[in-house]
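K.L.:
Below is a structure I'd like to ask you about.
The values are calculated or read from the model by the stated rules, or taken from the named source; none is laboratory data. In this text, all values refer to a predicted model and were calculated from it rather than measured experimentally. Please note: Cβ atoms are built from the backbone with ideal geometry, for glycine as well, and neighbour counts cover all protein chains shown. Only protein heavy atoms, including side chains, enter the accessible area calculation; ligands, DNA and RNA are left aside. Shrake-Rupley method; radii C 1.70, N 1.55, O 1.52, S 1.80 Å.
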Amino acid sequence: MPQKGSSAGEKPAERVFLIDSMSHIFRAFYAPMANRAAPLQTSKGQVTQAVFIFTNMLRKLLSDEKPKYIAAIFESKEKTFRHEAFTDYKANRQQMPDDLASQLPYIKRLCEAFNVPTMSVPGFEADDVIGALAVQAANKGLQAVIVSNDKDMCQMVRDPLIVCMR
């Protein structure tokens with residue numbers, strides 16, 4: 001992971017990990033798992049594939065990086081300022097499948113169990129929140145590590161203080 005270069009006794013920048021939760025959740029939900037014909041689910045039929053894969057991603061991140069500062073950013077349920085500016089914003093996007101929506105509370109509880117704060121800001125998309133937090137962290141001399149599968153999020157990169165990690 002790139003860090004701020006250090007010269008003659010200067011310490012590298014501390015890092016703030018900002019998880020683009022929805023990018024990981026959608027990828028986990030739609031990810032094929034080996035040769036499975038059906039998604040992972042409980043004996044009662046609750047689909048758990050996104051929970052399982054998100055858990056593995058979070059455990060690996062926490063184990064490998066041992067972050068001091070971390071947050072999982074989620075979408076807010078409210079319409080955003082973009083909806084106000086452009087009435088057809090995301091008009092062609094399908095609604096989140098029920099099997100995925102039903103897993104979100106478990107994923108948020110998982111973050112709580114791992115002491116990873118969750119955040120969503122009414123009226124703003126997770127990408128907007130992550131971008132604002134990354135810039136604020138960089139302005140304070142911290143390295144913002146955007147943990148995302150979304151290639152658009154990597155446009156925020158301003159090495160060395162804003163980096164993207166998949």
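K.L.:
Return the long-range amide H neighbours of I162 (sequence gap of 5 or more, or a different chain), with a cut-off of under 5 Å between placed amide H atoms.
P.N.:
A144
K.L.:
Now for a separate question. Under 13 Å from the Cβ of G45, count the other residues' Cβ atoms, weight Lys and Arg +1, Asp and Glu -1, and hand me the total.
P.N.:
Numbers: positive: K44; negative: D98, D99.
Surrounding charge for G45 is -1.
K.L.:
Over the heavy atoms of Y69, what accessible area does a 1.4 Å probe trace out, to the nearest 10 Å²?
P.N.:
For Y69, solvent-accessible area is about 90 Å².
K.L.:
Can you tell me the relative contact order of the stretch 16-166? Whole percent, Cα pairs under 8 Å, sequence separation 6 or more. Don't skip to the answer; put the middle values down first.
P.N.:
Numbers: 202 pairs, mean separation 47.9, N = 151.
Reported as a whole number, the value is 32 percent.
K.L.:
Hey, if we sort K108, K60 by accessible area with the 1.4 Å probe, largest down, what's the order?
P.N.:
The residues order as K60, K108, largest area first.
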